[in-house]
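Single-structure report; data block below.
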Amino acid sequence: MASEFQPGPLALVGSGEYLPQMVEIERSLLAGRPPRYVQLATAAVPDGPAVVDRWHRLGRAQAERLGVESIVVDVQDRSQANDAVLADQIAGAGLIYLSGGHPSFLADTLRDSLVWEAIESAWRSGSALAGCSAGAMALTSWVPSLRHPREGGTQGLGLLPHIRVLPHFDAFAARIPDLLTRFILPHEEAVTVIGIDEDTALVGGPGEWTVEGRQSAWVLTNSGREQFATGSKITTPLVSGD
């Protein structure tokens, strides 16, 4: 079993949470950990109840494929994020998963809450923690607005202050060719900006990662991008406070 004194693995996922093509990645995150799969679809709340329910159904189906218990923690606002009963459901998780949607809403809802405190505590005690798309973006310290770049962004959850994440990178790079120069590249030189393709994940962390899935991850700089195919290692140097 994972040591209660050592943080568990992290996964930053470009897309594909709870889908069959990602089951082996989620299985590896659960390996050696309690068969309790904690799932939060908070990022999907702005899209309405039907979308949240869809994520809940997909999460339960993936847990069934994996042969583990699905624990849906239904946090939809700040009040629920500070509900001790909901926070208590996170304890003893093998894998905690923040699925996709709206990264700013997710960060603003969970930041400095009892639920986020429980998530971070569980991860630091050995639970695996994954974020897909919005979930991956929110784990950093700054979440840019992809829909409205001129509006800036919001403070993230701060677990990975040395990284910025651009999920669905293969789709975004095709649709928005000047994405990097407009609003993704940070001013801080110590921050590593990573694009993660769909159905692809960075697993490990916080400073050493392996690319898993069917496509690639990309390290982005003002001079261009470097591709890292499945199986490649990526180092993201830590900054003070990590």
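None of the figures in this text is laboratory data; all of them are computed from the coordinates on show. None of the values given here were measured: they were computed from a predicted structure. Using ideal geometry, Cβ is built from the backbone for each residue, glycine included, and neighbour counts are taken over all protein chains shown.
Find the residue count for region 211-242, including only residues that are outside any loop (DSSP other than H, G, I, E, B) and under 19 Å from THR140 (Cβ atoms). Count: 10. Number of residues in region 79-100 that are farther than 27 Å from PRO167 by Cβ and without any contact (Cβ under 8 Å) to a residue 40 or more places away in the chain equals 7. Screening GLY156 on (1) in contact with a Phe, Trp or Tyr (Cβ under 6 Å, 6 or more places away or on another chain); (2) free of Cβ contacts under 8 Å to residues at least 40 places away in the same chain shows it passes everything except condition (2).
Of the strands (runs of 3 or more DSSP E) entirely within region 61-144, none holds at least 3 residues that are of a type in the set (Gly, Ala, Ser) and either touching a Lys or Arg at 6+ places or on another chain (Cβ under 7 Å) or surrounded by fewer than 24 Cβ atoms within 10 Å (Cβ to Cβ) (or both).
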